Every structure is written in C-alpha cells, then in structure tokens.
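Below: the structure, in structure tokens.
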Amino acid sequence: MNQPKAPILITGASQRIGLHCAERLLDDGQPVIVSYRTPRPSLERLRERGAVTLQADFSGAAGIHVFIAALKQQTDTLRAVVHNASDWHPETPGEEAEVFQRMFEVHMLAPYLINLHCAELLRHGGAADIIHIGDDVTRTGSKKHIAYAASKAGLDNLTLSFAASLAPNIKVNGIAPALIQFNEGDDEAYRRKALAKSALGIEPGAEVIYRSLRYLLDNPYVTGTTLTVNGGRHLI
C-alpha cells in the first residue's frame, strides 16, 4: 500500500500568491495545509478540494505556539513549509514601535519559531524544504516602509542560518518577488510607474512564484539561496 503524501504547509494562503500556490499544488495532487488570519470565501474552495485550513494569529509568540500545536494535531509529517504570511504597514507617527513589532512578528518570529518547532515534522527521510517568501525591496531598502524592508531582510538571513543548521536533511531557500500582481484599486498612473521600474515591464501574475516554488521543491542541490523574481529591476 502506498503511503499518503506528506502535506505542504503554506502560511497566509487565503488570497493572492499564497492562494494561487495552494491551488496549483492541489492541481498537482499535493496535499496542503494553509494558515489564514482573516476568513475569506476562498478558504471554502480550498476545503472542498481537500485542503486543511487553520486560523492563525502571528501577532506574538503565544499565538504562534498555539498555531504550531494545532498544526501538530493535524499531521506528524510535512513535505515542506512555505512561509508566505506577510503584512505591510508604513511608518505611522506615534505608532512606530507597534509597526516594527508587527513586522518583526509576522516576517521573522513566526518563521523562526515554526522552523525550530516543526523541523521534526520534516525529518521523515524523504525530500524536505523550507521556503521563505521575502521581497526584492531588501536590495535597496524602503523610504516609506522601513520596518517592513528590515524585517524581510531579517527573513533573508534566517534562510542562511536555517539552511546551514538543518542541512543535509532539510533544504532552506527563499524567493524575493518584486511586482507580481496589482491590486484592484491601483490606478493607471500607478500601474505605468510600477511597470517602468523593471526591465521586462510586465505584471507577471502569481504563476511565476509557483514556478519558482516548484523549482526549489524539485531541485535537490539548492539550499541557502534566495531566488530573485523581479523582472530585472536591478538593471534599471
């Protein structure tokens, strides 16, 4: 009898890139577990396809540990962990400390604790991966989202540290996207300005991140690497 496939955990997968990757993995016959902060109709669609959905509060260590316990009640093995959960706040006068703390908790503390406490689920003798979804902004920093950029840079460093500490049994890599898809409310002027920042000048859509994820999952000889998916922004 064939053993059931170990699921892939994707955090923050109720919308946009995370949702697309979850659906594409399901298309490939890969079981998935997703975390979400806010209930959305998309989650019911994932459940109907067999995905396990777990609500998660990553605003502090207590909520992260509650999520880890809930995850371990669902499965004793994982094929991979994809840290996609993210938040995005500008510096707000009078709330700078709160913004920095929130960015740190979501982008660094949650991946740090989940990696440490769930590595045992990945040590099953087969292929195992941790993938951090970062941001191309760490190349340059950000004038208006300083805490965001700094915490994503910290996530890049976690990629290096965990890749070294978990080798050879678990590969750890990152993906650093730039513009992937616009929001519905983005006006034409903003879209033109954003597209002009890259050499390729296109809105590629979430499939390019799934292809990058697939590459990292399938390649047995890549670890400690952050894959830049920015359309050539570094060339402009």
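Of all the listed residues (SER59, SER42, SER86, SER35), the sole one being in contact with a strand residue (DSSP E or B) (Cβ under 6 Å, 6 or more places away or on another chain) and either hydroxyl-bearing (Ser, Thr, Tyr) or at pLDDT below 95 (or both) is SER35.
Looking across the range 21-49, the residues that are surrounded by fewer than 22 Cβ atoms within 10 Å (Cβ to Cβ) and either among the basic types (Lys, Arg) or touching a residue at least 60 places away in the same chain (Cβ under 8 Å) (or both) come down to ARG24, ARG37, ARG40, ARG45, ARG47, ARG49. Say we look at the range 15-36 and pick out the residues that are small (Gly, Ala, Ser) and under 12 Å from the mean Cα position of the chain (by Cα); which of these is farthest from ALA56 (Cα to Cα)? Per the stated criteria, the residue is ALA22. Going residue by residue through the range 81-95, is there one that turns out to be under 24 Å from ILE170 (Cα atoms), open to solvent by 80 Å² or more (accessible area, probe 1.4 Å) and out of contact with any Lys or Arg (no Cβ under 7 Å at 6 or more places or on another chain)? Among the residues of the range 81-95, not one is under 24 Å from ILE170 (Cα atoms), open to solvent by 80 Å² or more (accessible area, probe 1.4 Å) and out of contact with any Lys or Arg (no Cβ under 7 Å at 6 or more places or on another chain), which makes the answer no. Each residue in the range 144-182 was checked for being in a loop (DSSP other than H, G, I, E, B) and touching a helix residue (DSSP H, G or I) at 6+ places or on another chain (Cβ under 9 Å), and 8 pass. Taken over the range 168-191, the criterion of being open to solvent by 50 Å² or more (accessible area, probe 1.4 Å) and either closer than 22 Å to ILE8 by Cα or touching a His at 6+ places or on another chain (Cβ under 8 Å) (or both) is satisfied by PRO168, ASN169. Listed by first and then second residue, the pairs linking a residue in the range 124-135 that is assigned to a loop (DSSP other than H, G, I, E, B) to a residue that is crowded, with 22+ Cβ neighbours inside 10 Å and of a type in the set (A, V, I, L, M), with Cβ atoms under 7 Å apart and 6 or more places separating them unless they lie on different chains, are ALA128/ALA80; ALA128/LEU122; GLY134/LEU155; GLY134/ILE175; GLY134/ALA176; ASP135/ALA176.
Taking the condition open to solvent by less than 30 Å² (accessible area, probe 1.4 Å) and modelled with pLDDT under 95, does ALA149 pass? No: the conditions fail for ALA149. All conditions but one from (1) of a type in the set (Gly, Ala, Ser); (2) farther than 17 Å from ALA147 by Cα; (3) touching a residue at least 12 places away in the same chain (Cβ under 8 Å) apply to GLY63; the one that does not is (3).
The values are calculated or read from the model by the stated rules, or taken from the named source; none is laboratory data. Bear in mind that the values here come from a model prediction, so they are computed numbers and not experimental data. FYI the Cβ positions are ideal-geometry reconstructions off the backbone, even for glycines, and counts take in every protein chain you see. Calculation scope for accessible area: heavy atoms of the full protein, side chains included, ligands and nucleic acids excluded. Shrake-Rupley method; radii C 1.70, N 1.55, O 1.52, S 1.80 Å.
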